[in-house]
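**Student:** One structure follows; several queries about it will come next.
Please treat every number below as a calculation from the coordinates, not as lab data. Being a predicted model, the structure only gives us computed values, none of them experimental. Cβ atoms come from the backbone with ideal geometry, glycine included; neighbour counts cover every protein chain shown.
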Amino acid sequence: FYIKTMEFLQQLNIGPENAGTSTGGKWLPSGAPAIASFSPVDGKRIATVTATDKAGYEAVITAARQAFIEWRTWPSPRRGEVVRQIGEALRQNKQALGRLVSYEMGKSLQEGLGEVQEMIDICDLAVGLSRQLNGLTMHSERPAHRMYEQWHPLGVVGIISAFNFPVAVWSWNSMIAWVCGNTCVWKPSEKTPLCALACQHIVAAVFKANNVPEGVCGLVTGDREIGEWLAADTRIPLISATGSTRMGKAVGTAVASRLGKSLLELGGNNAIIISADADLNIAIPGAVFGAVGTAGQRCTTTRRLIIHDAVYDSVKDKLTAAYGQLSIGDPLNEQNHVGPLIDTDAVKAYQMAIAAGKQQGCRFLVEGEVLAGDGFESGCYVRPCIAEADPAYPIVAQETFAPILYLLRYKTLDEAIAIQNGVPQGLSSSIMTLNLREAEQFLSVAGSDCGIANVNIGTSGAEIGGAFGGEKETGGGRESGSDAWKAYMRRQTNTINYSTQLPLAQGIKFNL
Ligand code: NAD
């Protein structure tokens with residue numbers, strides 16, 4: 001596996017030491033220190049990538065601004081054709097890129113491949129969209145006047161992404177932003193720079209073959225400081241940032257202070273309500289996959305189960321039994337259900353949350369632990385755990401990016417919905433019930449306050465066709481399908497007078 005990953009990197013000219021700054025056409029040197037990428041799978045150092053320095057940053061932004069002048073004039077279906085070819089290139093590289101995602105980030109191979117599939121799907125969606133960036137026409141109140149609206153691109157879009165979806169989140173943003181006519185500058189997570197380099201190489205080759213102007217796909221690498229440069233940069237009309245709520249508050253404030261636009265996709269604290277009328281054959285696997293998939297490192301991971309009193313004990317027993325069957329280990333081995341956390345800092349956060357939970361009153365049904373010994377040398381493997389808790393415990397309201405599941409008990413649906421909504425985050429939610437009234441109440445205006453609300457499926461694993469995002473501390477942004485493309489464009493309202501008079505709106509008279 002390791003050898004195959006290295007071969008793929010070599011094919012893309014990614015060696016042990018790499019530049020991390022690119023205008024799309026050129027890779028730029030940098031005086032900044034290199035970032036080493038370690039695999040959480042086996043702890044091996046894979047390669048290094050040089051962080052972007054100020055000169056490189058300026059070169060990338062300048063190229064992105066210049067490229068916009070030409071790129072915006074390309075008919076959008078022609079831009080869509082280029083994105084279609086990116087989708088084809090991703091299809092050809094699906095296995096290799098999926099493997100790299102698994103190896104660098106630590107998610108299972110199935111999920112790594114799924115992430116690349118999601119990129120392919122968003123390319124397809126963007127190609128169709130390139131012929132559907134439609135505005136409305138309106139009836140003017142004045143005779144011989146026409147009113148309509150049109151959508152124009154914004155300019156340079158800055159994309160800041162998180163480690164847990166190292167490639168898909170960038171593609172959700174860039175493929176849509178590109179067909180809309182924008183140029184993009186991507187700052188990937190400093191924890192997964194090689195996935196970004198691989199994408200940059202794949203896209204740059206397609207762009208070159210299509211004579212796309214240099215600068216349409218810019219890449220800058222580094223930690224939060226580079227993200228701060230983007231957030232403060234008045235030349236970047238839109239910052240799309242995915243990551244923690246802490247990061248979103250900083251980015252959102254910086255962008256708002258210059259009256260730029262921001263699209264924020266931040267932390268979640270997602271719950272499943274398991275009703276007395278739930279089909280437990282669906283509810284239990286849905287909850288377990290949601291809680292332990294990607295080792296609890298999805299923004300949509302199930303962190304809370306709100307269980308009706310009548311089925312609480314039986315759900316508890318079934319869950320405990322299911323957790324007993326989980327195999328933890330190398331995510332590239334398809335027999336394993338749970339891979340590693342991203343790094344040892346994440347392991348410390350997991351341990352601290354367990355300690356805080358115990359201090360606040362959590363009763364652990366399945367104890368957590370850090371695994372050591374053969375196969376766990378990276379120090380990043382932990383045991384998914386389950387705790388009985390009370391919604392009032394502060395730890396339950398926090399997003400700990402690890403597989404810790406809290407069980408909460410309820411008696412009435414109103415109470416369950418209040419518990420579900422009673423956290424600062426508002427990303428994903430679901431109810432497991434066969435009762436139509438309960439399902440409809442959960443989806444109603446008095447139901448879930450989240451951006452995503454599901455019935456009889458879990459909280460994680462969204463499809464790209466819908467708009468993805470959440471409310472409250474999740475940041476309010478929407479990406480991917482539906483009309484999320486509008487965030488990447490500016491709306492212009494046009495009124496055209498083809499009469500010989502100049503009638504004023506609202507019947508106002510102005511006689512000269
Ligand atoms: P993070 O906030 O530590 O980092 C995310 C990105 O932001 C990185 O590229 C980082 O360098 C950059 N960054 C950090 N601080 C910054 C600042 N002050 N200014 C500018 N840039 C800054 O998050 P992470 O640990 O990589 O990812 C996990 C978090 O991301 C979780 O909270 C998860 O829920 C969230 N997430 C949300 C979504 C969503 O769609 N809502 C999707 C994936 C991940």
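**Student:** Evaluate the charge dipole of the stretch 1-125 about its Cα centre and quote only its size in Debye, nearest 20, assuming +1 on the Cβ of each Lys and Arg and -1 on the Cβ of each Asp and Glu.
**Tutor:** With Lys and Arg at +1 and Asp and Glu at -1, about 180 debye.
**Student:** Could you order peptides 286-292, 484-490 by the average number of other Cβ atoms within 10 Å of their residues, highest first? Could you put the intermediate results ahead of the total?
**Tutor:** Working: 286-292: 24.9, 484-490: 20.6.
Ranked by mean Cβ neighbours within 10 Å, highest first: 286-292, 484-490.
**Student:** Please give the contour-minus-distance gain from residue 141 to residue 436: 0.36 nm per residue of separation, less the Cα-Cα distance, rounded to one decimal in nm.
**Tutor:** 101.6 nm
**Student:** Points 7 angstrom from Cα along the Cβ direction at residue 321 and residue 412: gap in nanometres?
**Tutor:** Roughly 3.3 nm, to one decimal.
**Student:** How much space per residue, in cubic angstrom, does the convex hull of the C-alpha atoms of the stretch 402-499 take up? Please list the in-between numbers first.
**Tutor:** Working: hull volume 16.7 nm³, N = 98.
Output value, Cα hull per residue: 171 Å³.
**Student:** What is the Cα centroid distance between the stretch 356-411 and the stretch 1-57, reported in whole angstrom?
**Tutor:** About 34 Å separates the Cα centre of the stretch 356-411 from the one of the stretch 1-57.
**Student:** Please give the FRET efficiency for residue 499 paired with residue 224, using the beta carbon to beta carbon distance and R0 = 56 Å, rounded to the nearest 0.05. Before the final figure, lay out each step's value.
**Tutor:** Values: r = 57 Å, r/R0 = 1.01.
With a Förster radius of 56 Å, E is 0.50.
**Student:** Taking 4 °C and 1.567 mPa s as the conditions, I'd like the Stokes-Einstein D for the chain in µm²/s, using the Kirkwood hydrodynamic radius from alpha carbon pairs.
**Tutor:** Details: Rh = 24.1 Å.
It diffuses with D of about 54 µm²/s by this estimate.
**Student:** Here is a follow-up. For every other residue with a beta carbon closer than 11 angstrom to the beta carbon of residue 187, add +1 if it is Lys or Arg and -1 if Asp or Glu, then tell me the sum. List each step's numbers first, then the result.
**Tutor:** Working: positive: 224; negative: 190, 223, 225, 228.
Charge balance in the 11 Å sphere: -3.
**Student:** Counting only C-alpha contacts under 8 Å and six or more residues apart, can you give the relative contact order of the stretch 295-408 as a whole percent? It would help to have the intermediate numbers written out before the result.
**Tutor:** Values: 184 pairs, mean separation 37.9, N = 114.
Dividing the mean separation by the residue count of the stretch 295-408 yields 33 percent.
**Student:** Multiplying the sequence separation of residue 333 and residue 45 by 0.36 nm and subtracting their Cα-Cα distance, what value in nm do you get?
**Tutor:** Stretched out fully, the residue 333 to residue 45 stretch lengthens by 101.7 nm.
**Student:** Now for a separate question. Please give every one of the lysines within straight-line cross-link reach of residue 348, meaning a C-alpha to C-alpha distance under 16 Å, and leave out same-chain neighbours fewer than 8 residues apart.
**Tutor:** The qualifying lysines are 358.
**Student:** Using a cut-off of 15 Å between beta-carbons, work out the net charge of the residues near residue 77 (Lys and Arg +1, Asp and Glu -1, residue 77 not included). It would help to have the intermediate numbers written out before the result.
**Tutor:** Numbers: positive: 72, 78, 79, 84, 131; negative: 81, 124.
The answer is +3.
**Student:** Using packing as a proxy for protection, rank 316-327, 179-190, 376-387 so that the peptide with the highest average count of other Cβ atoms within 10 Å comes first. Mind showing how you got there, number by number?
**Tutor:** Numbers: 316-327: 14.2, 179-190: 27.0, 376-387: 21.5.
Averaged packing, sorted descending, gives the order 179-190, 376-387, 316-327.
**Student:** For a protection proxy built on the mean count of beta-carbon atoms within 10 angstrom, sort 36-44, 344-352, 114-122 highest first, please. Numbers along the way, then the final one.
**Tutor:** On the way: 36-44: 19.3, 344-352: 16.8, 114-122: 21.8.
Packing proxy ranking, top to bottom: 114-122, 36-44, 344-352.
**Student:** Using the eigenvalues of the Cα gyration tensor, what equivalent ellipsoid semi-axes result for the stretch 336-398 when each is taken as the square root of five times the eigenvalue, whole Å, largest first? Don't skip to the end; give the middle numbers.
**Tutor:** Values: eigenvalues 113, 28, 17 Å².
Equivalent ellipsoid semi-axes, largest first: 24, 12, 9 Å.
**Student:** Hey, what number do you get for the chain at 222 nm if only DSSP H runs of n ≥ 4 count, each worth -39500 (n - 2.57), divided across all residues, to the nearest 500? All intermediate terms of the calculation are to be shown ahead of the outcome.
**Tutor:** On the way: 14 runs with 192 residues, N = 512.
That comes out to -12000 deg cm²/dmol.
**Student:** Run a plain Debye calculation on the stretch 51-150 (Cα atoms as equal point scatterers, no solvent) and give log10 I(q)/I(0) at q = 0.13, 0.18, 0.21, 0.24 Å⁻¹, rounded to two decimals, same order as the q list.
**Tutor:** Debye intensities relative to I(0), on a log10 scale: -0.76, -1.00, -1.04, -1.06.
**Student:** Quick one: give the max-minus-min coordinate of the C-alpha atoms of the stretch 13-105 along each principal axis, largest first, in Å.
**Tutor:** 47, 35, 18
**Student:** Taking K and R as +1 and D and E as -1, what net charge do the other residues with C-beta under 13 Å from the C-beta of residue 487 add up to?
**Tutor:** That works out to +2.
**Student:** Also: Nearest 10 degrees, 0 to 90: what angle lies between the long axis of helix 168-179 and the longest principal axis of the chain (Cα atoms)?
**Tutor:** Approximately 10 degrees, to the nearest ten.
**Student:** How high is the relative contact order of the stretch 137-244, in percent, with contacts defined as C-alpha pairs under 8 Å that are six or more residues apart? Write down the numbers at each step before the final one.
**Tutor:** Numbers: 148 pairs, mean separation 36.6, N = 108.
Once normalised by length, the contact order is 34 percent.
**Student:** Residue 10 to residue 149: extension gain in nm, 0.36 nm per residue of separation minus the Cα-Cα distance? Walk me through the numbers before you get to the answer.
**Tutor:** Numbers: separation 139, 0.36 × 139 = 50.04 nm, distance 4.83 nm.
45.2 nm is the gain from fully extending residue 10 to residue 149.
**Student:** Okay, next question. Explain nothing, just the number: relative contact order of the chain, from Cα pairs under 8 Å at least 6 residues apart, as a whole percent. Walk me through the numbers on the way to the answer.
**Tutor:** Values: 1155 pairs, mean separation 89.0, N = 512.
For the chain, the relative contact order is 17 percent.
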